[in-house]
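Notes for the one structure printed next.
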Amino acid sequence: LLNSGKLIIPRVSPNTNRSFSERTLVAVKPDGVQRRLIGQVIERFERRGFRLVGLKMVQVSEELLAQHYVNLHKKPFYPSVLRYMTSGPVVAMVWEGHNVIKSTRTLVGHTNPAEAAPGTLRGDFSVHVGRNIVHASDSPEVAQKEISLWFQRSELIDWVCCDHAIMYD
Ligand code: ADP
């Protein structure tokens, strides 16, 4: 969009369709942060064409984790998950785009790295289920719950990337 020789990048384009605006929570877990993999994780999502709408480093509380992993409370490994997830900072992010929840689970790979395909984050960077470097929401309901648990509304930015019209039909 050229206006008097100046490139104007629209913040919100008129053709933004809600179905292109699905959002998911991704978190680089403490092992991923310690191993300096934050950039690798972000790179996978950027090169795929998703849009980053929220990002922060947090030292997670047990209270937040109890809500985040509400389905795991009765699992024998739950105490070790709590220890692991509070052992250091986590980098939480929200990614947006068409079918981002499903695509993200595919990018991240199977929960158990031994079953995660090469090319996935877990398949490329981890070996043990208890240290699988990254979290990703696994359904639209869970994504909505997790995003509101980890982020304030004011921490998420509505914007449109300049390649939006090229990437979407
Ligand atoms: P995902 O993270 O793929 O959605 P789950 O929600 O089932 O998987 O489990 C949450 C996290 O708990 C996993 O990512 C993993 O870090 C940990 N976890 C799952 N199963 C085990 C296990 N058998 N032993 C230790 N940690 C586990």
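What follows is calculated from the coordinates using simple rules that are stated; it is not laboratory data. Just so it is clear, the model here is predicted, and its values are computed rather than measured. All Cβ positions, glycine included, derive from the backbone under ideal geometry; neighbour counts span all protein chains shown.
In terms of surrounding Cβ atoms within a 10 Å radius of their Cβ, Lys102, Lys29, Lys75 rank from fewest to most as Lys75, Lys102, Lys29. Classify the stretch 21-64: rounded, prolate or oblate, from the alpha-carbon gyration tensor (a ≥ b ≥ c, eigenvalue square roots; a/c under 1.5 rounded; otherwise prolate if a/b is larger than b/c)? Taking the square roots of the gyration eigenvalues as a ≥ b ≥ c, the stretch 21-64 is oblate.
Summing +1 for each Lys or Arg and -1 for each Asp or Glu among the other residues whose beta-carbon sits under 15 angstrom from that of Val91 gives 0. Given R₀ = 35 Å, what would the calculated FRET efficiency be for Glu141 paired with Arg47, taking r from the Cβ atoms and rounding to 0.05? Given R0 = 35 Å and the Cβ-Cβ separation, E is 0.80.
One chain, two ends: Arg36 and Leu72. Fully extended at 0.36 nm per residue, the span grows by 10.2 nm beyond their Cα-Cα distance. With a/c under 1.5 counting as rounded, go ahead and sort the chain into rounded, prolate or oblate using the C-alpha gyration tensor (a ≥ b ≥ c being the square roots of the eigenvalues; past the cut-off, prolate if a/b is larger than b/c, else oblate). It is prolate, given that a/c is not under 1.5 and a/b is the larger ratio. Computed from label points 7 Å out along Cα-Cβ, the spacing between Val58 and Met167 is 2.4 nm. Between Leu149 and Ala114, the FRET efficiency from the beta-carbon distance, with R0 = 25 Å, is close to 0.30.
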